[in-house]
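Right, one structure below, let's go through it.
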Amino acid sequence: MIDENRSAQNRGPDDFSDYSSCLRIGAGFVAPYNPVQQDRDRPYAPPTAIHFVDASRKFHIHPFVYLQRAREGSFDQYEDDHASRIPVKFFVTGAPYRLLGIIPGTLHLLGAEGASVNLLGTDGYGRDLFSRILYGGQISLLAGLLAASLSLLIGTFVGVHRAISADGRMRSPCVWRSYASRCRGFICFWRTRIFAAACKSNEGFSDSRRYDRSAGVGAAGSSGARALP
């Protein structure tokens with residue numbers, strides 16, 4: 001019984017990784033918007049809540065969102081307009097994309113006419129964060145695939161070369177095991193370097209939100225950005 005519980009707990013992270021990989025592969029279909037599409041009227045917008053119950057506590061079968069409006073005197077503070085209830089539609093036509101970089105398409109999982117559905121909010125330029133995360137995850141998948149393919153190709157070539165002696169006979173198993181150990185060390189070394197570089201780039205992306213929100217986004221007349229203390 002204990003082993004079954006441990007097995008179920010260990011499957012949780014693996015299942016989540018598998019599901020997230022599927023979402024990233026189909027980012028063009030799952031993402032509601034193009035990752036570079038900007039909406040300068042909605043900088044730093046909060047996540048859009050999908051409702052089934054309206055402000056008067058009435059239940060609706062179809063999900064809907066409220067139109068978000070900027071509060072008076074602010075450009076990055078928003079409030080829901082309960083008078084504007086917009087239904088969420090599934091399998092809608094939107095921005096063009098290429099699934100797996102090959103198959104063209106314009107069909108998206110969800111969307112709303114007349115309102116933005118930003119499930120994770122927007123950045124300083126009004127770009128949808130959910131769409132940007134999905135598309136950014138594709139780069140991680142591609143990097144891992146290229147690294148594994150390159151390691152397999154180099155390892156196979158060098159391994160066969162080292163395993164065969166000059167007279168065409170196979171070397172002893174000890175030589176093969178020694179080479180396999182060196183290959184594992186080489187792969188682990190570069191995998192660690194790639195992971196460290198990815199963490200460093202993510203830290204730089206997170207620090208970019210420290211810049212003054214009032215500079216360069218939202219309101220007209222902005223001219224630059226200055227760092228917060």
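The values are calculated or read from the model by the stated rules, or taken from the named source; none is laboratory data. All values derive from a computational prediction rather than experimental measurement. Please note: Cβ atoms are built from the backbone with ideal geometry, for glycine as well, and neighbour counts cover all protein chains shown.
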| task | Output yes when any residue across segment 91-109 is crowded, with 19+ Cβ neighbours inside 10 Å and of a type in the set (A, V, I, L, M), and no when none is. | result | no
Subset of segment 110-163, residues of a type in the set (Lys, Arg) and surrounded by 17 or more Cβ atoms within 10 Å (Cβ to Cβ), comes to 127, 132
Note on segment 110-121: residues of a type in the set (S, T, N, Q) and touching a helix residue (DSSP H, G or I) at 6+ places or on another chain (Cβ under 6 Å) are none
request  = Check segment 103-126 and report whether any residue there is over 14 Å from residue 28 (Cβ atoms), free of Cβ contacts under 8 Å to residues at least 40 places away in the same chain and within 17 Å of the chain's Cα centre (by Cα).
outcome  = no
Quick count over segment 64-90, residues being assigned to a strand (DSSP E or B) and either surrounded by fewer than 16 Cβ atoms within 10 Å (Cβ to Cβ) or charged (D, E, K, R) (or both), is 11
Expected output for segment 38-66 (first residue of a type in the set (D, E, K, R), partner crowded, with 17+ Cβ neighbours inside 10 Å, Cβ below 6 Å, 6+ apart or cross-chain) is 39/126; 40/126; 42/122; 42/126
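Going through segment 101-116 one residue at a time, which ones are within 25 Å of residue 40 (Cβ to Cβ) and touching a Lys or Arg at 6+ places or on another chain (Cβ under 9 Å)? Spell out how you get there, then give the answer.
Applying the first criterion (within 25 Å of residue 40 (Cβ to Cβ)) to segment 101-116 yields 106, 108, 110-116.
Matches in segment 101-116: 110, 111, 112, 113, 116.
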Item to check | Test result for residue 109, over 19 Å from residue 22 (Cα atoms) and not in a loop (DSSP other than H, G, I, E, B) | outcome: no
Looking at this structure, is residue 50 among the aliphatic types (A, V, I, L, M), closer than 20 Å to residue 134 by Cβ and not assigned by TED's automatic domain parsing to the domain that holds residue 118?
no
